[in-house]
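Novice: So that we are looking at the same thing, I have put the structure below in structure tokens.
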Ligand code: DGL
């Protein structure tokens, strides 16, 4: 048993889908969440900047003596994978577990990954999918408008700007007859209903957040590190706490239990 909390980081709401998934799997753990909304979106930033930001975020979490860090962010998982691997605290991104889930989708037809521009440009998701599923065509598509839309509340399946963006980005996925779609950005699962309405029921969707959370739970259970917490949660943001809180309450469908704590925006 290890009573220390678990840290969770992302640029914003996407990480909360990771928190939600982890909370469902581990109700007693204490969780500390950092949403870097002051520097969001991450997806349009150059790799070197993202790596510096990733390091700052990990070091912030390390200050809480966490037993593990869930990097519930596809952008950091794909552009700073080596930082996560060699960090002195066990860090879990969302790339490997979600690619593994995609590899379980039966058939020989195309598979698609959608993620932020930085994640797609890194090639990390496409490479990992190709290595795991060498015989299948892999479509790899950036969706830069999704995160700003989602963060500003455009998530309903009948939302017109969201539907326009879905048609633009996912037209090729539908035309290719893809059998699986990976949300390589943790924000994207929030609009799963709208995406599925467009692609139809034959396309399996895989959430990077849910896969990463399950991988972290498996690790903690295997190592005997679960238990001892009280289900507590602390929330930090580098943005405007009231805005973060409103969005988080809407997403989680419950009050946060503790006031959102503000952080300065670190320079990059
Ligand atoms: N949710 C993050 C990801 O999974 C970051 C999105 C963004 O800030 O652009 O990539």
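Novice: For a Förster distance of 22 Å, can you work out the FRET efficiency between the beta-carbons of residue 240 and residue 82, rounded to the nearest 0.05?
Specialist: 0.10
Novice: Using Cα pairs under 8 angstrom and six or more residues apart, how large is the relative contact order of region 141-202, in percent?
Specialist: Over region 141-202, the number comes to 44 percent.
Novice: Show me, bin by bin at 10 Å from 0, the whole-percent P(r) of region 5-131 based on Cα pairs.
Specialist: Bin by bin from 0 Å, the calculated values are 13, 44, 33, 10, 1.
Novice: A further question on this structure: Between residue 176 and residue 158, what is 0.36 nm times their sequence separation minus the Cα-Cα distance? Round to one decimal in nm.
Specialist: Gain on extension, residue 176 to residue 158, equals 4.1 nm.
Novice: Name the residue, out of 125, 235, 64, whose mean-square fluctuation peaks in a Gaussian network model built on the chain with Cα pairs under 10 Å.
Specialist: Answer for the Gaussian network model of the chain: 64.
Novice: Which residues in region 246-268 place their backbone N less than 16 Å from a point set 7 Å from the Cα of residue 24 along the Cα-to-Cβ direction?
Specialist: 251-254
Novice: Can you give me the P(r) profile for the chain? Cα pairs, bins 5 angstrom wide beginning at 0, each as a whole percent.
Specialist: Percent of Cα pairs in each bin: 1, 6, 14, 18, 20, 17, 12, 7, 3, 1.
Novice: Could you tell me how far the Cα centroid of region 35-60 sits from the Cα centroid of region 116-142, in Å?
Specialist: Here the answer is 22 Å between Cα centres.
Novice: May I ask for the angle, rounded to the nearest 10°, between helix 241-252 and the longest principal axis of the chain, with both axes built from Cα atoms and the value confined to 0 to 90°?
Specialist: That works out to roughly 60 degrees.
Novice: While we're here: Quick one: among 90, 255, 110, which has the greatest mean-square fluctuation in a GNM of the chain with alpha-carbon springs under 10 angstrom?
Specialist: 255
Novice: As I understand it, the value is the acute angle between the Cα axis of helix 208-222 and the longest principal axis of the Cα atoms of the chain; what does it come to in degrees, rounded to 10?
Specialist: 50
Novice: Measure nothing fancy, just the Cα-based angle from helix 160-176's long axis to the longest principal axis of the chain, in degrees from 0 to 90, nearest 10.
Specialist: Taking the Cα atoms of the chain, the angle to 160-176 is about 60 degrees.
Novice: Still on this structure: Explain nothing, just the number: relative contact order of region 191-268, from Cα pairs under 8 Å at least 6 residues apart, as a whole percent.
Specialist: That works out to 26 percent.
Novice: Using a ≥ b ≥ c from the Cα gyration tensor of region 38-109 (square roots of the eigenvalues), is it rounded, prolate or oblate, where a/c under 1.5 gives rounded and otherwise the larger of a/b and b/c decides, a/b for prolate?
Specialist: Oblate is the answer for region 38-109, as a/c is 1.5 or above yet b/c matches or exceeds a/b.
Novice: Hey, what did the chain get for relative contact order, percent, Cα under 8 Å, at least 6 apart? All intermediate terms of the calculation are to be shown ahead of the outcome.
Specialist: Details: 552 pairs, mean separation 76.6, N = 268.
Computed value for the chain: 29 percent relative contact order.
Novice: Rounded, prolate or oblate: which one fits region 145-268, using the alpha carbon gyration tensor with axes a ≥ b ≥ c (rounded when a/c is under 1.5, else prolate when a/b beats b/c, else oblate)?
Specialist: Taking the square roots of the gyration eigenvalues as a ≥ b ≥ c, region 145-268 is oblate.
Novice: Now for a separate question. Taking 0.36 nm per intervening residue step and subtracting the Cα-Cα distance, what contour gain separates residue 193 from residue 256 on full extension?
Specialist: Working: separation 63, 0.36 × 63 = 22.68 nm, distance 2.44 nm.
Computed gain between residue 193 and residue 256 is 20.2 nm.
Novice: Looking only at 229, 109, 135, which one moves most when the chain is put into a Gaussian network model with springs between Cα atoms under 10 Å?
Specialist: Maximum fluctuation in the GNM of the chain, among the listed residues, is at 135.
Here, each number is a calculation from the coordinates, and none is a lab measurement. Source: prediction; values computed, not measured. We place every Cβ from the backbone using ideal geometry, glycine too, and count neighbours over all the protein chains shown.
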